[in-house]
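Worksheet for the structure shown next.
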Number of protein chains: 2
Amino acid sequence: MSERLIYLPLGGAGEIGMNAYVYGYGRPGKERLIVVDLGVTFPDMEGSPGVDLIMADVAWLEENVERIEAVFITHAHEDHIGALPHLWPKLKKPIYARRFTARIGQMKLEEAGIASNDLHVVEPRPTVIEAGPFKVQFVPVSHSIPESSALVIDTPAGRIVHTGDFKLDGNPVVGEAFDPLLWHEIAHEGEGVKVLVCDSTNVFSPQPGRSEATLAGPLAEMIAAQTGMVVATTFASNVARLKTLAEAGRAAGRSVCLLGRAMKKMVTAAEETNVLTGFPGHVPAEQAVELPRQNLMLIVTGSQGERRAASAQLSRGKYLGLEMKEGDTFLFSSRTIPGNERGVIRIMNAFSEMGVEVIDDRGGLYHVSGHANRPDLEAVHDLLRPQILIPMHGEHRHMREHMKIALAKGIASEVATNGTMLDLTGPAPKVVEYIEAGRTYLDGTVLIGAMDGVVRDRIRMALNGHVLITVIIDEDDVPLGDAWVELMGLPETGRGGAAIADRIEDELAEFLERAPDKVIGNDDKMDEALRRIARQVTMEEIGKKPEVTVVVSRLMAD
Amino acid sequence: MSERLIYLPLGGAGEIGMNAYVYGYGRPGKERLIVVDLGVTFPDMEGSPGVDLIMADVAWLEENVERIEAVFITHAHEDHIGALPHLWPKLKKPIYARRFTARIGQMKLEEAGIASNDLHVVEPRPTVIEAGPFKVQFVPVSHSIPESSALVIDTPAGRIVHTGDFKLDGNPVVGEAFDPLLWHEIAHEGEGVKVLVCDSTNVFSPQPGRSEATLAGPLAEMIAAQTGMVVATTFASNVARLKTLAEAGRAAGRSVCLLGRAMKKMVTAAEETNVLTGFPGHVPAEQAVELPRQNLMLIVTGSQGERRAASAQLSRGKYLGLEMKEGDTFLFSSRTIPGNERGVIRIMNAFSEMGVEVIDDRGGLYHVSGHANRPDLEAVHDLLRPQILIPMHGEHRHMREHMKIALAKGIASEVATNGTMLDLTGPAPKVVEYIEAGRTYLDGTVLIGAMDGVVRDRIRMALNGHVLITVIIDEDDVPLGDAWVELMGLPETGRGGAAIADRIEDELAEFLERAPDKVIGNDDKMDEALRRIARQVTMEEIGKKPEVTVVVSRLMAD
């Protein structure tokens, strides 16, 4: 069989988050592979209670680890780099990233106690990294974090442009502007672009995107008009926004104080790698508390309502000695990501109770998106004129819409969700295989599979409560004393007014009294029978069927 | 002491949901009381896992039950009437409502097995219900359910207008139009309006609200353009919308089928009470399956992504023999309530995978709100010219904004959240007392207090997992055999690769071997020591501190 070019998303295709894409070139089943991005997504109480981080299941990569040439990281957002310290140890391949991204990656590896010489800093195009059959260039794009990059991946089967996350911003405040000439060049070298693998996040936004630079004026004006303390939150990694906010604060005669570890880390990393220069001087919290509030501006983490971030802390009271008061202003220079509404609204209401003015992005003046809107996507299609367009970085509905745009222009396209392997060798994409592509959870300090049942049991306990039954059986297979019942997450008394635990114990006692030896002597039968009784009584008493754990202790003859 | 007029919200003030308001008139502490609305709010996995419904804690009403004259229900939305079957048995006072609302209330009481003659159907103004010192009239207002009413409450201290939920709609399709003359009359009778207690839901919406009637054209046009099956979802109780949708379907040559119990119930109740006439004939599901899909329109429940509603069922596959297919269209003729985004998006993506076109209200063509927007609220203020405005039906931020509008017009105002008792006798509201105003959960079939700890334990188990330890101690206070450990919601193995349960058992065995008698003999000390060991080992192994239940069984000498 001849060689082929394959594409396999393991994360990020069918969701916005945990990006992980694989490209391969070679004979079927023997393709040499590269990985693009290793990101995380965030858990929620509904689907993944107690989980710390969610990332792609890389079992397929582990099975084929000998075929992997390298890992490329497009930018330092958590959904692109966050899984590095957790998944890289399973792969141990060279990692390539630009300077700022590499710095963040290095910090993550160090925090996880991983010493690695495999993280390589790459200069942008025209620098080329050779990785097996792949020749890869990092192409600067504008986004909501410095040094975001598209990848131009040249293969024997043609050129792939993997956009990463991007927008078209001619003046992004920090970092490189969108450069149409550069893209024109990429489109016209050699045989042009065979495949465009393209960000789909904002495909439903019908207006052209706005530049980061348009925010400076409105922000400065709004901040200058405030008389109390001003507190602004945005994504910690949006270094350009931090700069715009800080400059607006300084222009209004305010000292600026950054609150929240993630934010300070980002600014430091951006300054150390020279992507951020001229960031206004800022004061530490200890100094900020001494300043008159009308001369102070805080820039804080927690734009998504995260409970432990600075904004949530301030909504609950003092944080590092700083406190919001009536007449202060709190600005969300951000958009609430779907699913985070409750946490954000909780904070808004807490501030409202303090008499703090809350300003959000309702009017569209104080935030711009980091992703290309529909007209911008179309501009990129037209600029690159690819033979094939593969939508990525989107939920199914985004990718499908993006595919429809491509098809309408006569560009071959296919929606490939996580686990779908496409053959991109021919003029149109072909599905060749489905890989089991699940999710891996970081739970405390260990990785568990999403389908292991651990989290399912947690959800069941949360919905139904947990009943524990212990019974002691003596050497002669006779119950010793009564069964003992403990409840967790269930009311103590039911509709009859009697204690539920007592009611279950009574029923169990009655059962044990008349249960035949072959039941008493059999752990499985005991487990089933006792469980059934506990669920029945609880159902009668409170209309719920709880989870039940039965412990039968059997005394052994010495 | 002289008599006073009081207002006490027990629910609905500081949240959108579980409305329950109390008015009183009389000597302090001896006021005669009326209750307006007894609604529910809906649980979520984050704050109230396993809970079925949330309602106001009416302990204060129970304590003062002898002082209650009556309960008035403004309209049949769940957040105004849903708690009736659960809370009315604690009060057992006459209930007043208009015909459609009373019908829904009656159905709820009957479903709960409550036979009551206390539910009275009231005709609208000029009919007056006397309830102690209160004279109450139901005044028709337009909203997203038939027969919604404001209450005009005349008291010796002056006239209160309690708006209930309302919008200004001159052509609401079903039910009574907004009638400015009527409101003008109410404002100019006697001494006019002393207190306006007013819906605040849409105070942040800057444009005047749109009429329900504006939807007919766009809906008809859109539906006529479809070639596959059309499925539309909206709130089951929005009978006007159901009618508009059904008429648009019929006009496009489609048979209409209603799916979902709540929806059929609402249409039936509306037809039986004559608030709905001329609803297009519709076919049952059994008949619908036989029809060509291009001639069929389904109107289904589940606009908020509810897992068990018809729209979610259709997104997962067949429902009553009906199935969505490529080329079909699914319309959300609704707005997603904050907090429900995840469920709605899940459905959208499932339909996207099926190749179904999903149309939502992004363009503002296919849904209008049932609440008055800011300019509409201002129009009502100007029409009624109250001395005092009390914002209700809103989160804190909505009520605060509403208060600011009032104050700017020279109307006295105060934000009173649940539990805040206001004295409304004088020219401005005065806070006179704070009542403990919590939440009550319907959990299965029983009511529990939100602060009882039951749900807290569920959340903890969901976040941390649950470890069970059983130890048997013999007659001589010597451990009999080893401790036994079971895990629920925790991974089996930790970082060392060893089974966590075994690791805990080993540590417990070591402890029990050297524990002094005074520990072994003391249940509390044993509990604390064993719990600490289990948490420590689990922390080492997986970085989590689980919930622990310890059962020490002590054998007794016969």
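Taken together, the values in this text are just the output of simple stated rules run on the coordinates, not laboratory data. Since the model is a prediction, treat every value here as computed from it, not as a measurement. In this analysis, Cβ positions are derived from the backbone assuming ideal geometry, glycine residues included, and neighbour counts consider all displayed protein chains.
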For region B:334-437, what is the relative contact order in percent, using Cα pairs closer than 8 Å and at least 6 residues apart in sequence? 17
Restricting region A:205-264 to GluC sites (Glu not before Pro) in coil, as DSSP defines it, with at most 16 other Cβ within 10 Å: none
Considering chain A, what Rg and Dmax in Å follow from its alpha-carbon atoms? 28.5, 88
Calculated P(r) of region B:377-433 - Cα pairs past 19 Å, %: 25
If amide H atoms are modeled at 1.01 Å from N in the peptide plane, then the residues at a separation of 5 or more from A:A150, or on another chain, having amide H under 5 Å from its own are A:V139, A:V141
If you line up the long axis of helix A:500-514 against the longest principal axis of chain A, both from Cα atoms, how many degrees apart are they, to the nearest 10? 50
Determine, for A:K318, B:K430, the number of other Cβ atoms within 10 Å of each Cβ, and report the residues in order from fewest to most. A:K318, B:K430
Give the Rg/Rh ratio for region B:433-495, taking Rg as the radius of gyration of the Cα atoms and Rh as the Kirkwood radius, to two decimals. 1.22
By how many nm would the segment from B:T493 to B:K318 grow when fully extended, if each residue of separation counts as 0.36 nm and the alpha-carbon distance is taken off? 59.0 nm
Let me spell out the model: positive unit charges on the Cβ of Lys and Arg, negative unit charges on the Cβ of Asp and Glu, origin at the Cα centre of region A:1-124. What dipole size does that give, in debye rounded to 20? 600
Taking the Cα atoms only, what angle lies between the long axis of helix A:261-272 and the longest principal axis of chain A, rounded to 10 degrees? 30
With r as the distance between the Cβ atoms of A:R261 and B:R362 and R0 = 22 Å, compute the FRET efficiency 1/(1 + (r/R0)^6) and round to 0.05. 0.05
Rank these for me by crowding, A:H398, A:H282, going from fewest to most other beta carbons within 10 Å. A:H282, A:H398
Amide N of region A:460-484 lying under 20 Å from the label point, which is placed 7 angstrom from the Cα of A:K518 along Cα→Cβ: A:476-479
Going 7 Å from Cα along the Cα-Cβ axis for the label, what nanometre distances separate A:D517 from the same residue across the other copies? 3.9
Here the FRET efficiency for B:T127 versus B:D382, based on Cβ atoms and R0 = 22 Å and rounded to 0.05, is 0.20
So what's the net charge close to A:K90: Lys and Arg +1, Asp and Glu -1, counting the other residues with Cβ under 12 Å from its Cβ? -1
Based on Cβ point charges of +1 for Lys and Arg and -1 for Asp and Glu, what charge dipole magnitude is obtained for chain B about its Cα centre, in debye rounded to the nearest 20? 2080
May I ask you to work out the translational diffusion coefficient for region B:213-364 at 10 °C, viscosity 1.306 mPa s, via Stokes-Einstein with Rh from the Kirkwood sum over Cα pairs, reported in whole µm²/s? 104
Calculated [θ] (222 nm, deg cm²/dmol) that DSSP helices of n ≥ 4 give over chain A, each run adding -39,500 (n - 2.57): -9000 deg cm²/dmol
At a threshold of 8 angstrom on Cα-Cα distance, excluding pairs fewer than six apart, so keeping six or more, what relative contact order does region B:458-497 reach in percent? 42
Quickly work out the A:A509-to-A:V478 label distance, labels modelled 7 Å from Cα along the C-beta direction, and quote it in nm with one decimal. 1.7
With Cα coordinates, the longest principal axis of chain B makes an angle with the long axis of helix B:454-464, in degrees rounded to 10, of 60
Under 13 Å between alpha carbons, and skipping anything fewer than 8 positions from B:K167 in its own chain: which aspartates and glutamates qualify? B:E147, B:E176, B:D179, B:D199, B:E212, B:D376, B:E378
Remind me, what semi-axes does the protein assembly as shown give for its equivalent ellipsoid, largest first in whole Å, using sqrt of 5 times each Cα gyration tensor eigenvalue? 48, 43, 32
One decimal, nm, nearest first: from A:E326 to the same residue in each other copy, label points 7 Å out along Cα→Cβ, the values are 6.4
If labels are modelled 7 Å from Cα along the Cβ direction, A:A428 lies from its partners in the other copies at nm distances, smallest first, of 7.5
Between B:D118 and A:K92, Cβ-based FRET efficiency (R0 51 Å, step 0.05) works out to 0.10
How do A:E185, B:E341 rank when sorted from fewest to most other Cβ atoms within 10 Å of their own Cβ? A:E185, B:E341
Could you size up the charge dipole of region A:465-554 around its Cα centre, putting +1 on the beta carbon of Lys and Arg and -1 on that of Asp and Glu, and report it in debye to the nearest 20? 520
Counting Lys +1, Arg +1, Asp -1, Glu -1, what net charge surrounds B:M403 among other residues with beta carbon under 12 Å of its beta carbon? +2
Spin-label pair B:A428/A:R307, simplified geometry with 7 Å Cα→Cβ offset, distance in nm: 4.0
What percent do you get for the relative contact order of region B:1-121 when only Cα pairs under 8 Å and 6+ apart count? 21
Too-long pairs where the Cα-Cα distance tops 19 Å, listed order kept, from B:K108/B:K264; B:K404/B:K430; A:K243/A:K264; B:K92/B:K264; B:K135/B:K194; A:K93/A:K135: B:K92/B:K264
For A:L258, what residues show an amide H to amide H distance below 5 Å, using hydrogens built from the backbone and excluding near sequence neighbours? A:V283, A:I299
